[in-house]
Structures are given as C-alpha cells and as structure tokens.
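Right, one structure below, let's go through it.
What follows draws every value from the coordinates through simple rules; no lab data is involved. This is a predicted model, so every value here is computed, not measured. So basically every Cβ, Gly included, is an ideal-geometry build from the backbone, and we count neighbours across all protein chains shown.
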Amino acid sequence: MPRKEFYPNRAMKIFLYIMSLSILAVSVLSWSIPIALVLNDPVTNNIILWVHVITVLIGILLIIWVPKYYNSITYAIDKEWLYAEGGVIWKRRSRLPVSRVQMVDLNQGPWQRMYGLASLRVFTAATGQPTAELTFQNIRDAESLRDHILKLVQEYCVDESGLGESTKDRTTAHINRERTVEVFDHLLTEVRKIRRKLEG
C-alpha cells in the first residue's frame, strides 16, 4: 500500500485564530481597561498604552504564525507505519509502527462537532501512561480512518515480548519451521545409518 498523506481540516485554522486572539484579548483587556478607568493618571495610561501596543504586536505575530503552523502539519499512513509531522520553529516528526498500536481513541469536542471533525489518539503498550504516542488532530472522516488503522493493526499479531510480527511473517516462519524439522529428521536418519554401520 502506498503512503497516504492527509492534513488537518481548514477549520482548524479558524479555530486557532479565534482561540489565540480571544485568549490574548481577554487576558489583557480584562485588567488593563478597568485599571485605566479607575486610576486615570498619565503614568498608568502610558504603561497601559504600551501594554496594548505589545498586545497588538503579539496579535500580528499570531496572525502570521497560525497559517504557517497549519501548513506545517502533515499526517501519513502506509502499511507498516503511522506518521505525524508539524511545527514552525521546532519541527516534530513522529513515526509509529502499526504493529505496536494497542488502541485508537476518537475525541470530538463541541467545536469539532460543529465542523464534523475529530482527533484520533494512537496508544501503544510501551507508553505505560495515559498520553497518546501519536495524534491526528482535527481531521474529517476520523471514524473511517480509525477503522482503517485498526484493520492494519489486525494484520499484525503481538508476540509475548510486545513486538509485532505480521501474519504473513508467521506463515513464513511456520513453513520454515516445518522445513527445519524435515532437515533434522533426515540428518537423524543418516546418523542412525552411520551408527549401524559402525556397530555392525
């Protein structure tokens, strides 16, 4: 199966704009305007003015950063691996073998339900903690993607060590084991023949 790439939905960009700018505005305006109205002196007003200028500059940086962050996110799946990549300043690249997947969790908050989106969290037995090892955020058709991942996982069987092997590899191993038994039986027969000749 070729590598299938996909991306978060565009609605994620809208969500990032709304949330980041709202948090910025509320965190500054909620205290700066009441202080300016109550104290009403020139020094306080200058300080509040500079706080608002810095807030506007941070808002401009957020407006520039959000599309760059959104465009940096790429997800991919192939027959053996799950991939997630993203980040503007610090890039994060994650790769997880399908054979290690233990659980795929689908999350959908109120905002995501409005846009028909969801996030998939992929867990392995190796983490030993409630955090996902890989996350596909704000994607459409998350249920069909989850089913696809679980179908890939079913093609693998987990051995006692927690590491997976494909069912195809198990079939090959079974055939190799049978062939090894045949070779040993043949060697044992030859050794017995040699023994009889030496004794007799």
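Brief remarks on what is shown
- Relative to the longest principal axis of the Cα atoms of the chain, helix 142-154 runs at roughly 20 degrees.
- Highest mobility in the GNM of the chain, judged by mean-square fluctuation with C-alpha springs under 10 Å and restricted to R121, R113, R140, is found for R113.
- The lysine pair count for the chain, using Cα distances under 30 Å and pairs eight or more places apart or on different chains, is 16.
- Selected from P110, P67, P42 as most flexible by GNM, with the chain as the system and alpha-carbon contacts under 10 Å: P42
- The overall shape of the stretch 63-142 is oblate: from the C-alpha gyration tensor, with semi-axes ordered a ≥ b ≥ c, the ratio a/c is 1.5 or greater and a/b is no larger than b/c.
- Electrostatic dipole magnitude of the stretch 51-110 [Cβ: Lys, Arg +1; Asp, Glu -1; Cα centre; debye, to 20]: 180 debye
- Highest-fluctuation residue, E155, E190, E182 considered, GNM on the chain with Cα pairs under 10 Å: E190
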